[in-house]
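Structure, as structure tokens:
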């Protein structure tokens, strides 16, 4: 039987504000347990949550960047449930009136570009963190994360393959990081994803029974978990078994999803408007102000790089994968005027060095100015491409300028025709036998002469000049 | 709208309340009284009135994104029924 896969993703992204969504506690990660908590975080009676304006602005940025419509009036609601990481007994979220709706992203996977709908984006607070005791029947609660601002991005069930799901996530992640509203760290939980997945026989209109997948903390794991789950569901259907609607946890080590062990209980969150928080009204002027402040988004930048710099789409993709990298590259291009050559050096040597040391482009010891200068030195023939390989390694190791390194190492290329001609003449004279053989038709000996010249000049001779002069002089 | 005893049981379970059989009957009656009272509002014609979520007309009450010192771990834990080191301690929950 041929099946169609239906996937919808829910993404939670932590916003990079300094303070929490409803109080002035710090959001800094890694502080000692319960040191970033106040009466609001602790859910003390009588406290009043007050909305952080920056949270609304950041959420609006994401909404506009994903083509959403911002609702002119949105309302916070209480989502009621009991869990020890939720001191109030309810999470403040948005329900009937979210911040934004009806967005989409264009996603390219399996050679096909498709529009993936975004149902809604709303603001909410994060819960605390639980640590379970392995030896005692106890769990420990750290409320530092309680009240850290989140946006939830709810996607339409428009995704048709695990690859497309991973790609959709990469695009969302990239936009969040470009907007500088989320650090995107998946291991620390700043970017989390749950997936709803079901299958149906091709051509069938109704959706099959879906399962919800959790605990996937990388793009790769999202894809692997979905691939596993699709196979599992197909197996069940093909063997006449029923798919149970349930939440399943991805087990990375096992490479499988397992049902979450929890009491069978239908959730009833009894949402209602939070009387402590007044509605948020967003007028057109505010939307326009946020829109005007949006940076160039990755997809637009990719297209511009291809058009403006005439570099391949692949290069543009690599160079725009990170905002700081794209900016570095553009700076180099601006200074040297050689987009394709700059792309090769940035994608080749610079990224290789950085990856080896697990450093980000922000920590790159090679200043854009230095790289541009080095490209200029190659272009004007001062150093050869081969020498440049040595120079750039040194630039990375020491942070020195290319000119400084060239002088220090005496790396300047010999481009003086007269000087080189003298060297060549001496070599020809010293090798009469090879000369005779070459003239007698042993073309291969040309390489021998090139080698001799390079040896005599310690590799500093301009290779093109050596070739031209040798051909001429050997023929004479 | 009339509540049944099972509605009361359901709400009690959601709120983690343990109630006796006698209380179930009592609360069912009381809650129905309240609902009947509130029901009087349905006599008003609200066809042209927009739904409201808040009793006051204020909107956009914001706070600047400026860090203020938190309570500190010791104070935060001061009222906890159970704590260990820098953590609140609760009966084990695991999924």
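Which of the numbered conditions does residue A:278 fail, given that it passes all the others? Conditions: (1) out of contact with any strand residue (DSSP E or B) (no Cβ under 7 Å at 6 or more places or on another chain); (2) in contact (Cβ under 8 Å) with a residue 40 or more places away in the chain; (3) within 14 Å of another protein chain (Cβ to nearest Cβ); (4) surrounded by 13 or more Cβ atoms within 10 Å (Cβ to Cβ).
In the conditions (1) out of contact with any strand residue (DSSP E or B) (no Cβ under 7 Å at 6 or more places or on another chain); (2) in contact (Cβ under 8 Å) with a residue 40 or more places away in the chain; (3) within 14 Å of another protein chain (Cβ to nearest Cβ); (4) surrounded by 13 or more Cβ atoms within 10 Å (Cβ to Cβ), residue A:278 misses (2) alone.
Looking at the structure I just gave you, is residue A:12 at the interface with another protein chain (Cβ under 7 Å from one of its Cβ atoms) and either outside any loop (DSSP other than H, G, I, E, B) or crowded, with 24+ Cβ neighbours inside 10 Å (or both)?
Numbers: at the interface with another protein chain (Cβ under 7 Å from one of its Cβ atoms): no; either outside any loop (DSSP other than H, G, I, E, B) or crowded, with 24+ Cβ neighbours inside 10 Å (or both): yes.
So residue A:12 fails the test.
Identify, from the list A:258, A:344, the residue that is closer than 30 Å to residue A:228 by Cα and without any contact (Cβ under 8 Å) to a residue 40 or more places away in the chain. So that I can check it myself, show each step before the final result.
Working: A:344 fails: closer than 30 Å to residue A:228 by Cα.
Exactly one residue qualifies, and that residue is A:258.
Hey, can you tell me all the residues within the range B:74-95 that are facing chain A (nearest Cβ under 7 Å), out of contact with any helix residue (DSSP H, G or I) (no Cβ under 9 Å at 6 or more places or on another chain) and part of a loop (DSSP other than H, G, I, E, B)?
Hits for the range B:74-95 are B:92, B:93, B:94, B:95.
If I go through the range B:7-17 residue by residue, how many of them are touching a helix residue (DSSP H, G or I) at 6+ places or on another chain (Cβ under 9 Å) and within 14 Å of chain A (Cβ to nearest Cβ)? Even if it seems obvious, please write down each step before you answer.
Keep residues of the range B:7-17 that are touching a helix residue (DSSP H, G or I) at 6+ places or on another chain (Cβ under 9 Å), which gives B:7-9, B:11-12, B:17.
Next, from what is left, pick out any that are within 14 Å of chain A (Cβ to nearest Cβ): B:7, B:9, B:11-12, B:17.
Qualifying residue count, the range B:7-17: 5.
One line per residue, one yes/no per condition, for (1) closer than 22 Å to residue A:3 by Cα; (2) in the same structural domain as residue A:60 (by TED's automatic domain parsing); (3) part of a helix (DSSP H, G or I):
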{"position": "A:177", "(1), (2), (3)": "no, yes, yes"}
{"position": "A:207", "(1), (2), (3)": "yes, yes, no"}
{"position": "A:225", "(1), (2), (3)": "yes, yes, yes"}
{"position": "A:234", "(1), (2), (3)": "yes, yes, yes"}
{"position": "A:245", "(1), (2), (3)": "yes, yes, no"}
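Which numbered condition in (1) closer than 28 Å to residue A:24 by Cα; (2) surrounded by 20 or more Cβ atoms within 10 Å (Cβ to Cβ); (3) in contact with a strand residue (DSSP E or B) (Cβ under 8 Å, 6 or more places away or on another chain) is the only one that residue A:68 fails?
(1)
Here is a check on your reading of the model: is residue A:253 touching a residue at least 12 places away in the same chain (Cβ under 8 Å) and either away from chain B (no Cβ under 14 Å) or under 25 Å from the mean Cα position of the chain (by Cα) (or both)?
On the way: touching a residue at least 12 places away in the same chain (Cβ under 8 Å): no; either away from chain B (no Cβ under 14 Å) or under 25 Å from the mean Cα position of the chain (by Cα) (or both): yes.
So residue A:253 fails the test.
Quick check on my filter: what residues within the range A:447-461 are part of a helix (DSSP H, G or I) and either in contact with a strand residue (DSSP E or B) (Cβ under 8 Å, 6 or more places away or on another chain) or touching a residue at least 24 places away in the same chain (Cβ under 8 Å) (or both)? Please lay out each step first, then the result.
So the first thing to find is which residues in the range A:447-461 are part of a helix (DSSP H, G or I), and the list is A:447-456.
Answer for the range A:447-461, where residues must be part of a helix (DSSP H, G or I) and either in contact with a strand residue (DSSP E or B) (Cβ under 8 Å, 6 or more places away or on another chain) or touching a residue at least 24 places away in the same chain (Cβ under 8 Å) (or both): A:449, A:452, A:453, A:454, A:456.
Can you tell me which residue in the range A:71-108 is surrounded by the fewest Cβ atoms within 10 Å (Cβ to Cβ), limited to those that are within 11 Å of chain B (Cβ to nearest Cβ) and either in a strand (DSSP E or B) or under 23 Å from the mean Cα position of the chain (by Cα) (or both)?
The residue in question is A:73.
Condition first: in a helix (DSSP H, G or I) and more than 9 Å from chain A (Cβ to nearest Cβ). Now tell me which residues in the range B:41-73 satisfy that. Before you say what the answer is, go through the steps one by one.
Restricting attention to the range B:41-73, the residues satisfying the condition of being in a helix (DSSP H, G or I) are B:41-43, B:73.
B:41, B:42, B:43, listed by residue number.
Within the range A:4-22, count every residue that is closer than 18 Å to residue B:69 by Cβ and out of contact with any strand residue (DSSP E or B) (no Cβ under 8 Å at 6 or more places or on another chain).
Total satisfying the criteria: 0.
Could you look through the range A:45-61, keep only residues that are more than 23 Å from the chain's Cα centre (by Cα) and more than 8 Å from every other protein chain (Cβ to nearest Cβ), and pick out the one that is surrounded by the most Cβ atoms within 10 Å (Cβ to Cβ)? Give the steps one after another, and end with the answer.
Of the range A:45-61, the ones more than 23 Å from the chain's Cα centre (by Cα) are A:45-54, A:56.
Restricting the remaining residues to those that are more than 8 Å from every other protein chain (Cβ to nearest Cβ) gives A:45-49.
Values: A:45: 6, A:46: 5, A:47: 16, A:48: 11, A:49: 21.
Of everything passing the filter in the range A:45-61, A:49 is surrounded by the most Cβ atoms within 10 Å (Cβ to Cβ).
Taking only the range A:109-153 into account, find how many residues are surrounded by fewer than 16 Cβ atoms within 10 Å (Cβ to Cβ), more than 10 Å from every other protein chain (Cβ to nearest Cβ) and either part of a strand (DSSP E or B) or in contact (Cβ under 8 Å) with a residue 60 or more places away in the chain (or both).
Total satisfying the criteria: 3.
Please enumerate the residues belonging to the range B:9-40 that are outside any helix (DSSP H, G or I) and under 19 Å from the mean Cα position of the chain (by Cα).
Initial filter on the range B:9-40 (outside any helix (DSSP H, G or I)): B:15-20.
Correct list: B:15, B:16, B:17, B:18, B:19.
Each row is one residue, and each column tells you yes or no for (1) surrounded by fewer than 16 Cβ atoms within 10 Å (Cβ to Cβ); (2) within 16 Å of residue A:344 (Cβ to Cβ).
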{"site": "A:366", "(1), (2)": "no, yes"}
{"site": "A:379", "(1), (2)": "yes, yes"}
{"site": "A:385", "(1), (2)": "yes, yes"}
{"site": "A:394", "(1), (2)": "no, no"}
{"site": "A:414", "(1), (2)": "no, no"}
{"site": "A:420", "(1), (2)": "no, no"}
{"site": "A:427", "(1), (2)": "no, no"}
{"site": "A:436", "(1), (2)": "yes, no"}
{"site": "A:440", "(1), (2)": "yes, no"}
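State which residue is nearest to residue A:214 (Cα to Cα) when the search covers only the range A:21-41 and only residues that are touching a helix residue (DSSP H, G or I) at 6+ places or on another chain (Cβ under 7 Å) and buried (at least 23 other Cβ atoms within 10 Å of the Cβ). Let's see the steps before the verdict.
So the first thing to find is which residues in the range A:21-41 are touching a helix residue (DSSP H, G or I) at 6+ places or on another chain (Cβ under 7 Å), and the list is A:21-23, A:25, A:32-35, A:37.
Among the residues that remain, those that are also buried (at least 23 other Cβ atoms within 10 Å of the Cβ) are: A:21-23, A:25, A:34, A:37.
Details: A:21: 25, A:22: 27, A:23: 29, A:25: 29, A:34: 26, A:37: 28 Å.
Top of the filtered list is A:21.
Residues that are under 27 Å from residue A:91 (Cβ atoms) and out of contact with any strand residue (DSSP E or B) (no Cβ under 9 Å at 6 or more places or on another chain): does the range A:187-204 have at least one?
Residues of the range A:187-204 under 27 Å from residue A:91 (Cβ atoms): A:187-198.
From what is left, the residues that are out of contact with any strand residue (DSSP E or B) (no Cβ under 9 Å at 6 or more places or on another chain) are A:187.
Checked against the condition, which is being under 27 Å from residue A:91 (Cβ atoms) and out of contact with any strand residue (DSSP E or B) (no Cβ under 9 Å at 6 or more places or on another chain), the range A:187-204 yields at least one hit.
Do the conditions hold for residue A:265, that is, is it within 14 Å of chain B (Cβ to nearest Cβ), under 30 Å from residue A:82 (Cα atoms) and modelled with pLDDT under 90? Spell out the reasoning first.
Details: within 14 Å of chain B (Cβ to nearest Cβ): yes; under 30 Å from residue A:82 (Cα atoms): yes; modelled with pLDDT under 90: yes.
It is true that residue A:265 is within 14 Å of chain B (Cβ to nearest Cβ), under 30 Å from residue A:82 (Cα atoms) and modelled with pLDDT under 90.
The values are calculated or read from the model by the stated rules, or taken from the named source; none is laboratory data. This is a predicted model, so every value here is computed, not measured. When we count neighbours, we look across all protein chains shown, and the Cβ atoms used for this are built from the backbone with ideal geometry, even at glycine.
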